[in-house]
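K.L.:
Dropping a structure here in structure tokens format, bear with me for questions.
The values are calculated or read from the model by the stated rules, or taken from the named source; none is laboratory data. Computed from a predicted structure; not experimentally measured. Glycine gets a Cβ as well: all are built from the backbone with ideal geometry, and neighbour counts include every protein chain shown. Accessible surface is based on the protein model in full, side chains and every heavy atom, while ligands, DNA and RNA are left aside. Shrake-Rupley method; radii C 1.70, N 1.55, O 1.52, S 1.80 Å.
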Amino acid sequence: MAPKTPPPAGVGETIKNLLTSPFKKKPPPKTPVGGMGERFSNAIHNNYRGLIGVIVPVAAFAWQIEKENNAKKVMIMWLTMTWFFFTQPVSIPVTGLIPVFVLPMAGVMPTVKTCGCYLTEYVMLLVISSMIVVLLNNSGVDRRICLRLVCSGDACQYSGKRLIFKTSVAAYFLSMFSSRLIVTSTLTQLVTNAVTKLDASPKNPEIDPNYITMRHIINNAIQTASSIGSVAFFHTAMVTILFRGAFVEFAPADKEYPDIFNYLQYSAFAFPLSFVMFLLNVSYHMFLMDWALGKNMPAAKMAELRSIFLKSRKEIPRRISLHERLSVIFLIIIVITFFFRWNQWIDGWAEFRRDVDSPEIPRLKDTTVAAIFVIALHIIPKGYGFVKFLEAETKSELPPLKAESAILWWKFVDNNVNYGYIFLFGNMS
């Protein structure tokens, strides 16, 4: 039997094929990869960072290692970690695990003693306080405060310099008590979205400034202001806890230095200094805005920018939720508890002990205080829905049979706490 031929296409289908065939993507031509030399060249080109990052430390260990010279082994280990910081063949937090491998294998320290150096009191303070830091971010009150500050004022308050001031104030003060990375991301997203839309709208090149440059300057001011604000309060920046941990770890064996870097004494020094740095930072970016743009924003563009920000503000509920109120209330209680645990001006509520060669030292430290609040915030619900079960008279009045989330929601905490950096921090302590 002769094979059946397909029926001819209709006129409509034929015209459709003629119109669409030039736009169909053609498969790329199949070209040979090449010889073995080209294959090796491609592999090296795509993996040069990992090859250089790994081969150089291995060669250094093989060339410089001495069996009984532990000082040289430790020196090469630190040089290897520094090399990993620059080349980044692996993620930087993973670099913090190098001593767990090198020190026992090189015979410098046993595994148990090496791992014991990681989880000190101040590493625990970093872990637990990192959870407290996201309290305001978890409830969304940080975004509400950001929009409240940015959207304040009439249209004349939306020039480039005024936006630098308003966004920097929000970044500086919120970064003292919440995650500076989340605050920076929130403000940067708001500014980028608004100024990008403004740049896309019709404009007159003779009177309109360069809005892309303006956006970059504002975003840079936000990032630097949040970094400055994070050092004004103790546990919102890793470097402050690292400094405190290094100070304590240098105490003689079985001794303890006085607790001079407590929250109130540290902030009494750090806040005025950070505030001066904040003022200098804002002034610098305002001068930079004038110098880089050289033009003032037209009144129509400032009004348009204001409407864009107000539209973003309408996306959040106007009424402050109970969850937001509880987050702010507990944050105030946490700060008061930290400040008045103990300091040289106030005896505080902590229990004290006295060693033979040490001054009076509080037995309860900041790590214990942080742990108390993290546990409490994970237990207390963010609303009063459970009361309705006691007050309801009919089944229709009962709320859903599902437990309310806590004030501090664990899934949000787990997603926003960088556990990987804790390894690096423990190693540096």
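K.L.:
May I ask you to derive the FRET efficiency for GLN157 and LEU273 from their Cβ-Cβ distance with R0 = 35 Å, giving the value to the nearest 0.05? Mind dumping the intermediate values first?
P.N.:
On the way: r = 29 Å, r/R0 = 0.83.
With R0 = 35 Å, the Cβ-Cβ based efficiency is 0.75.
K.L.:
Can you pick out the pairs among LYS382/LYS411; LYS203/LYS301; LYS72/LYS255 whose Cα atoms lie more than 20 Å from each other? Spell out each step's value before the answer.
P.N.:
Working: LYS382/LYS411 15 Å; LYS203/LYS301 9 Å; LYS72/LYS255 29 Å.
Where the Cα-Cα span goes over 20 Å, the pairs concerned are LYS72/LYS255.
K.L.:
Further, regarding this structure: Please give the solvent-accessible surface of HIS216 in Å², to the nearest 10, using a probe radius of 1.4 Å with every protein chain present.
P.N.:
So the heavy atoms of HIS216 present about 100 Å² to solvent.
K.L.:
Probe 1.4 Å, all protein chains in place: accessible area of VAL276 in Å², nearest 10?
P.N.:
Per-residue accessible area (VAL276): approximately 80 Å².
K.L.:
So if I restrict to the alpha-carbon atoms in region 116-218, what is the Rg, and what is Dmax, the biggest pairwise distance, in Å?
P.N.:
17.9, 65
K.L.:
Quick check: the distance between the Cα centres of region 286-321 and region 184-233, to the nearest angstrom?
P.N.:
9
K.L.:
Using heavy-atom solvent-accessible surface (probe 1.4 Å) with all chains present, what is the largest-first order of SER230, SER405, SER91?
P.N.:
Details: SER230 5, SER405 45, SER91 65 Å².
Correct descending sequence by accessible area is SER91, SER405, SER230.
K.L.:
Given R₀ = 56 Å, what would the calculated FRET efficiency be for ALA299 paired with ALA60, taking r from the Cβ atoms and rounding to 0.05? Provide the component values of the computation, followed by the final result.
P.N.:
Values: r = 63 Å, r/R0 = 1.13.
Computed FRET efficiency for ALA299 and ALA60: 0.30.
K.L.:
Explain nothing, just compute: Karplus ³J(HN,Hα) = 6.51 cos²θ - 1.76 cosθ + 1.60, θ = phi - 60°, for every residue of region 367-383 in order, whole Hz, x for Gly and Pro.
P.N.:
Values, residue by residue: 4, 5, 4, 4, 5, 4, 6, 5, 5, 5, 5, 8, 9, 5, x, 7, x Hz.
K.L.:
Right, next: With a 1.4 Å probe and all protein chains in place, put TYR266, TYR172 in order of accessible area, largest first. Please report the intermediate quantities before stating the final value.
P.N.:
Numbers: TYR266 35, TYR172 0 Å².
Output order, biggest surface exposure first: TYR266, TYR172.
K.L.:
Can you give the three extents of the C-alpha atoms in region 266-321 along their principal axes, from longest to shortest, in whole Å?
P.N.:
On the principal axes, region 266-321 reaches 44, 41, 11 Å in Cα extent.
K.L.:
Related question: Might you work out the accessible area of LEU136 for me, using a 1.4 Å probe with all protein chains in place, and round it to the nearest 10 Å²?
P.N.:
About 10 Å², rounded to the nearest 10.
K.L.:
Considering the Cα trace of region 244-353, what is its radius of gyration and what is Dmax, both in angstroms?
P.N.:
23.2, 69
K.L.:
Taking R0 as 51 Å, what FRET efficiency do you get between LEU51 and GLU256 from their Cβ-Cβ distance, rounded to the nearest 0.05? The partial results should precede the final answer.
P.N.:
Values: r = 47 Å, r/R0 = 0.91.
Step by step, r from the Cβ atoms, then E = 0.65.
K.L.:
Over region 241-366, with every protein chain in place, what whole percent of the accessible area is carbon and sulfur at 1.4 Å, could you tell me? Each step should come with its number before you reach the end.
P.N.:
Details: 5010 of 7740 Å².
That fraction is 65 percent.
K.L.:
Then there's this: Ranked by accessible surface with a 1.4 Å probe, highest first, in what order do LYS166, LYS72, LYS197, LYS311 come? Walk me through the intermediate numbers first.
P.N.:
Working: LYS166 20, LYS72 50, LYS197 105, LYS311 135 Å².
Descending accessible area places them as LYS311, LYS197, LYS72, LYS166.
K.L.:
How large is ³J(HN,Hα) for each residue in region 113-130, as worked out from phi by the Karplus curve 6.51 cos²θ - 1.76 cosθ + 1.60 (θ = phi - 60°), to whole Hz, x for Gly and Pro?
P.N.:
For region 113-130, the Karplus-derived couplings read 5, 5, 5, x, 6, 7, 8, 8, 4, 7, 5, 5, 4, 4, 4, 6, 5, 4 Hz, x marking Gly and Pro.
K.L.:
Just grab the label-to-label distance for ASN416 and SER91, each label 7 Å out from Cα along the Cβ direction, in nm (one decimal).
P.N.:
For ASN416 paired with SER91, the spin-label model returns 1.9 nm.
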